[in-house]
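Working notes, structure below.
The values are calculated or read from the model by the stated rules, or taken from the named source; none is laboratory data. Because the structure is a prediction, the values reported are computed rather than measured. Counting neighbours? That spans all protein chains shown, and the Cβs are built from the backbone with ideal geometry, glycine included. Surface areas here come from the heavy atoms of the whole protein model, side chains and all, with no ligands, DNA or RNA. Shrake-Rupley method; radii C 1.70, N 1.55, O 1.52, S 1.80 Å.
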Amino acid sequence: MRSEEFLLLYRQLEEALENKYARSLRTTGSVVMEYLRDDDSLPFRDRLNLCREIRNILTHNAAGDDSAVVEPSEAIVGALREIVEELKKPLRALTFATGAEGVMRARMDFAAIRLMRDMQQRGFSHIPVYDGGAFRGVFSVSTVFSYLAAHPGSAIDENTRLSDFRAFLPIEKHMTERFLFMPPAATYMDVKRAFEADIKKRKRVAVIFITDTGDESGALLGLITPWDALSKVQGLSTLIEDI
């Protein structure tokens, strides 16, 4: 019966949360309620709260013949299973990143105008730039603005190369954007916290690069934008009518 599977999964959920908060000062007696108040639960909060209510009904309102008064749907059992799996094995950021093979890159000898046209056509806003295999920075709209502001009256034509933007490519030179690097083991929650942390900062995190070393010296494995993270949250959220 699905009700039995549901209750088994719920016990696994509680065990996973007991481990999660084993060394934390809890504010409530229920580990599930503790998790619901935790920012980490945001992608699952609505579904988990529904699971909690169904569990309470199944536990405290059994029919006279010991049969369940409600039968969880396949969708809600699947939703609970997904939450348990996430707690046991956190979602890696690389699973929803744009993989290295799909990342548009550039070299210092690239023609700026052609690159800008390609970016517009393919919908890319930030392009990592490499020179001899070494990471040199990021080319973006803000790079162009900074260049033009520093060179009044200059023009960008077919002869302009990315090397002409050399002084504005390093990530620390971007005036309104920040770029972070994370290792392959980075989780969805690591990325989520990183994007949320810039709310109080003057610069926003525009891109998080995942490299094999966790810094700019490593091989690029993928990149994540705020939109990627938002899309993942939306994808993890099951519509109530489907449940």
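Here are the numbers for the structure shown:
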item	result
Long-range neighbours under 6 Å by Cβ, at least six apart or interchain, first residue under 23 Å from ASP109 (Cβ atoms) and of a type outside the set (D, E, K, R) within the stretch 163-180, second in a strand (DSSP E or B) and open to solvent by 80 Å² or more (accessible area, probe 1.4 Å)	LEU169/ARG136
Residue in the stretch 100-109 that is farther than 30 Å from ARG166 by Cα and either without any contact (Cβ under 8 Å) to a residue 40 or more places away in the chain or surrounded by 15 or more Cβ atoms within 10 Å (Cβ to Cβ) (or both) present	no
Cβ pairs under 6 Å, 6+ apart, first in the stretch 144-155 and within 20 Å of ILE127 (Cβ to Cβ), second at pLDDT 95 or above and open to solvent by less than 80 Å² (accessible area, probe 1.4 Å)	SER146/PHE168; TYR147/PHE165; TYR147/PHE168
Qualifying residue in the stretch 202-210 (condition: open to solvent by 60 Å² or more (accessible area, probe 1.4 Å), more than 24 Å from PHE96 (Cβ to Cβ) and modelled with pLDDT under 85)	yes
Pair list, Cβ under 8 Å, 6 or more apart: the stretch 26-38 residue more than 17 Å from GLU86 (Cβ to Cβ), other residue modelled with pLDDT under 85 and part of a helix (DSSP H, G or I)	none
Sole residue being within 30 Å of GLU86 (Cβ to Cβ) and among the polar types (S, T, N, Q), chosen from THR213, THR143	THR213
Residue tally, condition of a type in the set (Gly, Ala, Ser) and surrounded by 18 or more Cβ atoms within 10 Å (Cβ to Cβ), over the stretch 190-201	1
Residues that are modelled with pLDDT of 90 or more and under 17 Å from GLU53 (Cβ atoms), drawn from the stretch 65-77	PRO72, SER73, ALA75, ILE76, VAL77
In the stretch 1-50, the residues that are part of a helix (DSSP H, G or I), over 26 Å from the mean Cα position of the chain (by Cα) and of a type in the set (Lys, Arg)	ARG2, ARG11
